[in-house]
Amino acid sequence: MATEIKSLDGLCIHTITTKPLEFELACSKYSEIGVKGISIWRDAVADLDYRTVKDCLKKNDLSPVSYVRGGFFPALESEKRNVAVDDNIKMLQEAAEMEIPMLVLVCGAEPGQSLQTSREQIKEGIENILPRAQELNVKLAIEPLHPMYADTRSAITSLKQANELAEFFNNDFVGIAVDVYHLWFDDDLENQIKRCGKQNNLFAYHICDWNVPTDDMLLDRGLMGEGCIPLKKIRGWVEEAGFSGYNEVEIFSTKFWESDMDVFLGKIVNAYINHS
């Protein structure tokens, strides 16, 4: 049973959720409404130096939760796989410079080869970057995606697969990001979340909703309470598994990106308190 949400202390917003806002303005607006956590997408800070980012976070009393998004390891050519590893190491260095404690991995897939081959390349990619992650004290969160993204975005398409991968490493720096949009329909979700908890592998929890009908599988995520995801039930499972971190609002939505951001942020707060 999920506990009742009474404050915004556990609320984190991904910068992609309010994509039209430049980073410094996003930080200011998050702080104004009482948000405590922020997950930073790489493109949001691409033109800023590390000191500016850290100063902005400190000024607005925001805790950086994760850096998004690494991964995309599979490729037909070894040269491209090496480039991916190098870029992930660069992202780890960026995260460390900005004092962001975790890198989210959207693991990738290659349509020109089997999913199993892509999964082996993902494992190899994580093996290659893990030593640097440990040196820099930045955790790696494997995010399983909905099977509709198995062509190019991720060969890891279930929480079971993500658990198996994390357990292969058996390392405090490798865990899982559970995103309800990608996993809500899984009939084994409760058991797999419990499995995460037993292994101390549950690193992150992402929330939004599934619109009915959904007009675009990428750019029409719903605000919590607008769709059919049993959010409170899933949060109860996550809490029972021992997770006490942030609830990260991650919404890709053309509709919301075209709306007034102040109004949208107010809706996020209301949805978080009442429907998540």
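The values are calculated or read from the model by the stated rules, or taken from the named source; none is laboratory data. Quick caveat, the model's predicted, so the values are computed rather than measured. All Cβ positions, even for glycine, are placed from backbone atoms using ideal geometry, and neighbour counts span all protein chains on display.
Residues in the range 86-107 that are buried (at least 18 other Cβ atoms within 10 Å of the Cβ), out of contact with any Asp or Glu (no Cβ under 8 Å at 6 or more places or on another chain), of a type in the set (A, V, I, L, M) and outside any loop (DSSP other than H, G, I, E, B): Met91, Leu92, Ala95, Ala96, Met102, Leu103.
Is it fair to say Asp172 is more than 16 Å from the chain's Cα centre (by Cα) and free of Cβ contacts under 8 Å to residues at least 24 places away in the same chain? Steps first, please.
Numbers: more than 16 Å from the chain's Cα centre (by Cα): yes; free of Cβ contacts under 8 Å to residues at least 24 places away in the same chain: no.
In short, no.
Criterion applied to Leu62, Leu105, Leu25 was being in contact with a helix residue (DSSP H, G or I) (Cβ under 7 Å, 6 or more places away or on another chain) and either under 28 Å from Gly125 (Cα atoms) or not basic (Lys, Arg) (or both), and the one residue passing it is Leu62. For Ala75, the stated conditions hold: it is in a loop (DSSP other than H, G, I, E, B), at pLDDT 95 or above and farther than 19 Å from Ala204 by Cα.
Would you check which residues across the range 1-24 are of a type in the set (Val, Ile, Thr), buried (at least 21 other Cβ atoms within 10 Å of the Cβ) and touching a residue at least 60 places away in the same chain (Cβ under 8 Å) and list them? Let's see the steps before the verdict.
Taking the range 1-24 first, the residues of a type in the set (Val, Ile, Thr) are 3, 5, 13, 15-18.
Then keep just the ones that are buried (at least 21 other Cβ atoms within 10 Å of the Cβ); that gives 13, 15, 17-18.
Ile13, Thr17, Thr18 - these are the residues of the range 1-24 that are of a type in the set (Val, Ile, Thr), buried (at least 21 other Cβ atoms within 10 Å of the Cβ) and touching a residue at least 60 places away in the same chain (Cβ under 8 Å).
Of all the residues in the range 116-155, those that are within 18 Å of Arg81 (Cα to Cα), touching a Gly at 6+ places or on another chain (Cβ under 9 Å) and assigned to a loop (DSSP other than H, G, I, E, B) number 3.
Taking the conditions exactly as written (surrounded by fewer than 15 Cβ atoms within 10 Å (Cβ to Cβ), among the aliphatic types (A, V, I, L, M) and not in a strand (DSSP E or B)), does Val53 satisfy them or not? Step through it out loud before you land on a result.
Working: surrounded by fewer than 15 Cβ atoms within 10 Å (Cβ to Cβ): no; among the aliphatic types (A, V, I, L, M): yes; not in a strand (DSSP E or B): yes.
For Val53, the condition - surrounded by fewer than 15 Cβ atoms within 10 Å (Cβ to Cβ), among the aliphatic types (A, V, I, L, M) and not in a strand (DSSP E or B) - is not met.
(1) touching a residue at least 60 places away in the same chain (Cβ under 8 Å); (2) buried (at least 24 other Cβ atoms within 10 Å of the Cβ); (3) in contact with a helix residue (DSSP H, G or I) (Cβ under 9 Å, 6 or more places away or on another chain); (4) of a type outside the set (S, T, N, Q): which one isn't true of Lys139, the others all being true? Single failed check for Lys139: (2). Of all residues in the range 231-244 being in contact with a helix residue (DSSP H, G or I) (Cβ under 9 Å, 6 or more places away or on another chain) and outside any helix (DSSP H, G or I), which is surrounded by the fewest Cβ atoms within 10 Å (Cβ to Cβ)? In this case the residue turns out to be Gly242. In the range 37-48, of all residues being without any contact (Cβ under 8 Å) to a residue 40 or more places away in the chain and either in contact with a strand residue (DSSP E or B) (Cβ under 8 Å, 6 or more places away or on another chain) or part of a helix (DSSP H, G or I) (or both), the one that is nearest to Val104 (Cα to Cα) corresponds to Trp41. The single residue among Asn200, Asn171 that is in a loop (DSSP other than H, G, I, E, B), touching an Asp or Glu at 6+ places or on another chain (Cβ under 8 Å) and more than 24 Å from Gly227 (Cα to Cα) turns out to be Asn200.
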